[in-house]
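Since the structure comes first, as structure tokens, the remarks are kept for the end.
The values are calculated or read from the model by the stated rules, or taken from the named source; none is laboratory data. This one's a predicted model, so the numbers in the text were calculated from it and none came from an experiment. For accessibility, only protein heavy atoms count, side chains too; no ligands or nucleic acids. Shrake-Rupley method; radii C 1.70, N 1.55, O 1.52, S 1.80 Å.
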Amino acid sequence: MSVVKINAVTVPKDKQDRFEERFRGRAGAVESTPGFEWFELLRPLEGTDQYLVYTRWSSHEAYEAWQSSQDFDRAHDGGGDTLAPAAPHSAHVWTYEVLEYAGPTANQENQG
Ligand code: HEM
């Protein structure tokens, strides 16, 4: 059963551009990590001011291995401003397990 780890980050208005810019230049190492399934950076539009870094993993162990790896450290040591380095203990990490999921059903008429 997949596990979702979400890091909820509050970013001051004047730092948001920089924060997003840094994700555009992110290390890109997580993609090749064993057990990694999905990543999304979610920008808040309504109802909250927290960015969410959504990650999905094949197991708790896969996430823990990445989080204690050099790849994680390298992905978080750049920039040198107050958004980094990212100490895991200061992160607001939410943990979920995936109970149900679905994607779109192909619509024959819209294909081709
Ligand atoms: C206070 C804690 C954290 C902050 C402020 C933070 C912020 C950032 C920032 C700004 C980046 C872009 C790269 C950079 O410039 O460093 C990044 C990369 C990333 N962060 Fe965090 N992060 C934190 C902890 C975490 C945690 C606990 C997770 C787990 C869900 C996570 C997931 C990721 C992922 C998947 C990337 C992309 C890595 C890659 O491309 O290989 N972060 N983070």
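Accessible surface area normalised per residue over segment 3-99 is 66 Å², counting heavy atoms of protein chains with a 1.4 Å rolling probe. Put Thr95, Thr105, Thr33 in order of accessible area, highest first, and with a 1.4 Å probe you get Thr105, Thr95, Thr33. What percentage of the solvent-accessible surface of segment 3-99, computed with a 1.4 Å probe over protein heavy atoms, is contributed by carbon and sulfur atoms? Here carbon and sulfur together make up 52 percent of the probe-accessible area.
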